[in-house]
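Chemist: Before I ask anything, let me first share the structure, which is written out below as structure tokens.
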Amino acid sequence: LQSSLNSEEGLGVASLSVLYAALILSSMFLPPILIKKLGCKWTIAISMCCYITFSLGNFYASWYTLIPTSVILGLGGAPLWSAKCTYLTIAGTSYAEKAGKNAKDIINQYFGVFFLVFQSSGIWGNLISSLILSQSSTKVEISEEDLECCGAYNCLTDTTNTTGSAKPSNSLIYTLLGVYTASGVLAVLLVIIFLDQIKSDQAETEKEKLEAPSFWSTFLATFRHLKDKRQCLLIPLTMYSGFEQGFLSGDYTKVYVTCALGIQYVGYVMICFAAVNSLCSLLFGKISQFTGRKLLFALATVTNTACIIALLLWKPHPKQLAVFFVFPALWGLSDAVWQTQTNGLYGILFEKHKEAAFANYRLWESLGFVIAFGYSTKLQAYIKLYILLSVLVLSMVTYGAVEYLEAKSSPGTSAATKKENGGPHSQETHM
């Protein structure tokens, strides 16, 4: 909603850009230090408070409130994810020991449940925004002249204020932010009251793992990992993941949906994206062992390319309501492949250097987001679509090179071994 609600001078997308930049810094420095000092439970609780400050900053959205709270949210993001992963891993291991089951299977199961709930937040969060914002009494009929400004060749003027997407009343915005803030506070209270502090002996072993490499050695390992040719070749694909998500959430919602239908439809469109995305993530995780990853990457490439070309040609009009939902649905299908298969690929290729590899994954994906949101207000939509298409083509060329190098270096690797390697990572590493 940021790109549509706070569109003046590009404040919304600027705050998103700052948020991801802070997240890059945070993931390099903070997680091991905080988890070591506070333990998982309190790292989770305190990091969640960073999210609440962002909701509070939106009550009086300005450069002085949104930019600092975006930094705070970005800094809290990485420790929250790391502590969550550590907590789920320890909880799964401890349950597996008690039940006499394979720890890896239980941990995967825990991550599977977590991601099902996590992805569904896209549905509930957007449903709340759409139900509240559709109460607006300021629905204006959008003139044909204003509709000319929507779509790929959008006028760079602030269309969001001239069309029927007139900004919702302050009382509706405050209601929406009130619901989001209350949800955040409730979540923190639930964690503080009900989440068990991990037993000290379990935490100690986990801490030792976190302590083992010093901060600088981890930091340097991330960049040393770039000596691996395959990691360098995967950079465009990883950044593309940030670019394409940034385009859908920052640009498609603003210049197509908000411009032609009104801000109250943004939520419904993103629900469609989130629902298809989570179902396809589940589906592709299951079928990848039969189809192999190359076929899924090909499917995502064809789907995304078709969407980009169609978006370049399509003039959005309120009469074509269904079309507004077709794009996020197809985008969700592609994104499910980019997320699950790229994560799985990192897990398989860099089995021995997982930490450095996934630090690189987060670094390059976040950089993709930063760039996508950074140029969001400066360029017309069609230029962004051409950039997206170019990065996608480059990604597929470099990804093909990685597959070629793999096939050349390990012609004897059986499919079963690859399947074995690939299986556990797809959900566990969906961070």
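The values are calculated or read from the model by the stated rules, or taken from the named source; none is laboratory data. These numbers come from a predicted model, not from an experiment. Glycine also receives a Cβ, built like all others from the backbone with ideal geometry; neighbour counts cover every protein chain displayed. All accessible areas refer to the heavy atoms of the entire protein, side chains included, with ligands and DNA or RNA removed. Shrake-Rupley method; radii C 1.70, N 1.55, O 1.52, S 1.80 Å.
Chemist: Taking the options PHE327, PHE284, name whichever one is farther than 19 Å from LEU385 by Cα, touching a helix residue (DSSP H, G or I) at 6+ places or on another chain (Cβ under 9 Å) and open to solvent by less than 30 Å² (accessible area, probe 1.4 Å).
Modeler: PHE284
Chemist: From ILE67, ILE24, ILE72, which residue is in a helix (DSSP H, G or I), under 20 Å from the mean Cα position of the chain (by Cα) and under 22 Å from VAL185 (Cβ atoms)?
Modeler: On the way: ILE67 fails: under 22 Å from VAL185 (Cβ atoms); ILE24 fails: under 22 Å from VAL185 (Cβ atoms).
Result: ILE72 is the single residue among ILE67, ILE24, ILE72 that is in a helix (DSSP H, G or I), under 20 Å from the mean Cα position of the chain (by Cα) and under 22 Å from VAL185 (Cβ atoms).
Chemist: Applying the selection to the range 377-401, what residues are closer than 27 Å to CYS232 by Cβ, among the polar types (S, T, N, Q) and touching a Ser or Thr at 6+ places or on another chain (Cβ under 9 Å)?
Modeler: SER395
Chemist: Restricting the search to the range 83-125, which residues are of a type in the set (Gly, Ala, Ser) and part of a helix (DSSP H, G or I)? It would help to see each step written out before you state the result.
Modeler: Within the range 83-125, the first condition is being of a type in the set (Gly, Ala, Ser), and the residues that meet it are 83, 91-92, 94, 96, 99-100, 103, 112, 120-122, 125.
Selection gives ALA83, ALA91, GLY92, SER94, ALA96, ALA99, ALA103, GLY112, SER120, SER121, GLY122, GLY125.
Chemist: Go through (1) closer than 17 Å to LEU5 by Cα; (2) part of a helix (DSSP H, G or I); (3) at pLDDT below 85 one by one and return the number of the condition THR138 breaks.
Modeler: Going through the list (1) closer than 17 Å to LEU5 by Cα; (2) part of a helix (DSSP H, G or I); (3) at pLDDT below 85, THR138 breaks only (2).
Chemist: Looking only at residues in the range 356-390 that are polar (S, T, N, Q) and in a helix (DSSP H, G or I), which one is modelled with the lowest pLDDT? It would help to see each step written out before you state the result.
Modeler: From the range 356-390, those polar (S, T, N, Q) are 360, 366, 376-377, 380, 390; that's our starting set.
From what is left, the residues that are in a helix (DSSP H, G or I) are 360, 366, 390.
Working: ASN360: 83, SER366: 86, SER390: 96.
If we take residues in the range 356-390 being polar (S, T, N, Q) and in a helix (DSSP H, G or I), then ASN360 is modelled with the lowest pLDDT.
Chemist: Now for a different question. Hey, does the range 52-59 have a residue that's over 24 Å from LEU172 (Cα atoms), open to solvent by less than 40 Å² (accessible area, probe 1.4 Å) and of a type in the set (Val, Ile, Thr)? Talk me through it step by step, then tell me what you get.
Modeler: Of all residues in the range 52-59, those over 24 Å from LEU172 (Cα atoms) come to none.
Looking for residues that are over 24 Å from LEU172 (Cα atoms), open to solvent by less than 40 Å² (accessible area, probe 1.4 Å) and of a type in the set (Val, Ile, Thr), one finds none in the range 52-59, hence no.
Chemist: Shifting gears a bit: Has the range 217-237 got any residue that is open to solvent by 30 Å² or more (accessible area, probe 1.4 Å), part of a loop (DSSP other than H, G, I, E, B), under 27 Å from PHE369 (Cβ atoms) and at pLDDT below 90?
Modeler: yes
Chemist: Take the conditions closer than 30 Å to VAL269 by Cβ and in a helix (DSSP H, G or I) and apply them to GLU403. Does it pass? Please lay out each step first, then the result.
Modeler: Working: closer than 30 Å to VAL269 by Cβ: no; in a helix (DSSP H, G or I): yes.
Here the answer is no, as GLU403 does not meet what is asked.
Chemist: Further question on the same structure: Under the condition of being under 19 Å from ASP146 (Cβ atoms) and aliphatic (A, V, I, L, M), which residue from the range 312-324 is surrounded by the fewest Cβ atoms within 10 Å (Cβ to Cβ)?
Modeler: Looking only at the range 312-324, we keep the residues that are under 19 Å from ASP146 (Cβ atoms), and these are 314-321, 323-324.
Restricting the remaining residues to those that are aliphatic (A, V, I, L, M) gives 321, 323.
Details: LEU321: 11, VAL323: 13.
Filtering the range 312-324 for residues that are under 19 Å from ASP146 (Cβ atoms) and aliphatic (A, V, I, L, M), the one surrounded by the fewest Cβ atoms within 10 Å (Cβ to Cβ) comes out as LEU321.
Chemist: Now a separate question. Hey, does the range 272-279 have a residue that's out of contact with any Leu (no Cβ under 6 Å at 6 or more places or on another chain), closer than 30 Å to LEU5 by Cβ, among the polar types (S, T, N, Q) and open to solvent by less than 30 Å² (accessible area, probe 1.4 Å)?
Modeler: yes
Chemist: Would you check which residues across the range 290-308 are open to solvent by 80 Å² or more (accessible area, probe 1.4 Å) and within 24 Å of the chain's Cα centre (by Cα) and list them? Before the answer, list the steps.
Modeler: Initial filter on the range 290-308 (open to solvent by 80 Å² or more (accessible area, probe 1.4 Å)): 290, 294-295, 302.
Those that are open to solvent by 80 Å² or more (accessible area, probe 1.4 Å) and within 24 Å of the chain's Cα centre (by Cα): LYS294, LEU295, VAL302.
Chemist: Is it the case that ALA45 is crowded, with 19+ Cβ neighbours inside 10 Å, assigned to a helix (DSSP H, G or I) and modelled with pLDDT of 90 or more? Quick ask: steps written out before the conclusion?
Modeler: Numbers: crowded, with 19+ Cβ neighbours inside 10 Å: yes; assigned to a helix (DSSP H, G or I): yes; modelled with pLDDT of 90 or more: yes.
The answer is yes for ALA45.
Chemist: Taking the range 94-124, which residues are more than 18 Å from ILE44 (Cα to Cα) and touching a residue at least 60 places away in the same chain (Cβ under 8 Å)?
Modeler: The answer is SER94, LYS104, ILE107, ASN108, GLY112, LEU116, GLN119, SER120, GLY122, ILE123.
Chemist: So which of LEU127, LEU75 is modelled with pLDDT of 85 or more, open to solvent by less than 80 Å² (accessible area, probe 1.4 Å) and more than 30 Å from CYS272 (Cβ to Cβ)?
Modeler: Numbers: LEU127 fails: more than 30 Å from CYS272 (Cβ to Cβ).
The unique qualifying residue is LEU75.
Chemist: With the condition kept exactly as written, say whether any residue in the range 139-147 is open to solvent by less than 20 Å² (accessible area, probe 1.4 Å), farther than 19 Å from VAL191 by Cβ and free of Cβ contacts under 8 Å to residues at least 60 places away in the same chain. Full working, then the answer.
Modeler: So the first thing to find is which residues in the range 139-147 are open to solvent by less than 20 Å² (accessible area, probe 1.4 Å), and the list is 147.
Now narrow it down to the ones that are farther than 19 Å from VAL191 by Cβ: 147.
Checking the rest, the ones that are also free of Cβ contacts under 8 Å to residues at least 60 places away in the same chain come to none.
There is no residue in the range 139-147 that is open to solvent by less than 20 Å² (accessible area, probe 1.4 Å), farther than 19 Å from VAL191 by Cβ and free of Cβ contacts under 8 Å to residues at least 60 places away in the same chain.
Chemist: Tell me, please, whether a residue that is open to solvent by 30 Å² or more (accessible area, probe 1.4 Å), touching a helix residue (DSSP H, G or I) at 6+ places or on another chain (Cβ under 7 Å) and modelled with pLDDT under 80 can be found in the range 401-417.
Modeler: No, the range 401-417 contains no residue that is open to solvent by 30 Å² or more (accessible area, probe 1.4 Å), touching a helix residue (DSSP H, G or I) at 6+ places or on another chain (Cβ under 7 Å) and modelled with pLDDT under 80.
Chemist: Continuing with this model, one more query. Restricting to the range 334-374, what's the tally of residues that are aromatic (Phe, Trp, Tyr) and under 13 Å from ARG293 (Cα atoms)?
Modeler: We begin by selecting, within the range 334-374, every residue aromatic (Phe, Trp, Tyr); these are 338, 346, 350, 358, 361, 364, 369, 373.
If we keep only those that are under 13 Å from ARG293 (Cα atoms) too, we end up with 338, 346.
Final tally of qualifying residues: 2.
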